[in-house]
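Bear in mind that the values in this text are calculations on the coordinates, not laboratory data. Everything numeric here is computed off the predicted structure, so don't read it as measured data. As a convention, Cβ positions derive from the backbone with ideal geometry for all residues, glycine included, and neighbour counts pool all protein chains shown.
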Amino acid sequence: MPKIAIPTSVHDGFLAISKLNKEDIEFILSIITKVDPGDELDGVEERLVDRFGKSSSKLLQTIVSFSGLVEKDGNTEQLAIDLASSFTESLDSEISENDTSNLKNNLLKLLTNINSLRKSINSKKSLYDNESLLRSTKIITDLRILFQDDLSDKNRDGLIIHKLHVEYNQNFESKEIYFTLDLKDLNKLKSQIEKALEKDHILRNDFNDKLNILF
């Protein structure tokens, strides 16, 4: 039985790590070792995209997923071995000995150099724990015509409908949801956003000389 439970959601990321060459690992380390506490993970991912393309998201998700296992003064070498062996045991099919060895070596390098990324994550723990984090939003506006029983009747009604498309992260997985809004909903949302912006402005001004506000 695997020592560490490896979620299927990060299997692709582990496989990608097993294929990384020396230059790939050095590139990743050059990014994650320079992460500041206020940096967003989206920004880190954007820096990985140029080299790894679509797999950047899975790579970062996987690195973040095992970053919480690293303990101060812990045995990172043994952790890398346990992660690699637990992953290979959780697969339905086998991977080559070369890939398994490469996975252990790459995991060790990542785990040894993950402190800056961990600090960034820990600085946002109050946001990440059991929360859904907004990635992007888009409002789609549409006009819906309501026909009479007599389809040829020109006396028709219309509805203006707004659909709010929200993309968010939950437990480091990307999800999306749609909300249907009318004009009243839009005005209410606008009012709440304006009030939140005002509160943000006040708090930043009041605590600017007392706290290092990260984001």
Specify the angular offset, from 0 to 90 degrees and rounded to the nearest 10, of the alpha carbon long axis of helix 183-207 from the longest principal axis of the alpha carbons in the chain.
-> 50 degrees
Between segment 174-199 and segment 35-112, the Cα center-to-center distance that results, in Å | 37 Å
Calculated from DSSP helices alone, with each H run of at least 4 adding -39500 (n - 2.57) and the total divided by the residues of the chain, [θ]222 nm to the nearest 500 comes to -16500 deg cm²/dmol
Cα to Cα, under 23 Å, and not fewer than 8 places away if on the same chain: which lysines meet these conditions relative to residue 188?
-> 138, 163, 199
With 18 Å as the limit, write out which pairs from 119/210; 58/175; 54/175; 19/54 have Cα-Cα distances beyond it, or answer none.
-> 119/210
For segment 145-161, 3J(HN,Hα) per residue [Karplus equation, 6.51 cos²θ - 1.76 cosθ + 1.60, θ = phi - 60°, Hz, x = Gly/Pro] | 8, 9, 7, 7, 4, 8, 4, 7, 5, 6, 7, 10, 9, x, 10, 9, 10
Calculated FRET efficiency for the pair residue 180/residue 201, C-beta based, R₀ 45 Å, to 0.05 = 0.90
Anisotropy class of segment 19-62 from Cα gyration tensor, a/c 1.5 cut = oblate
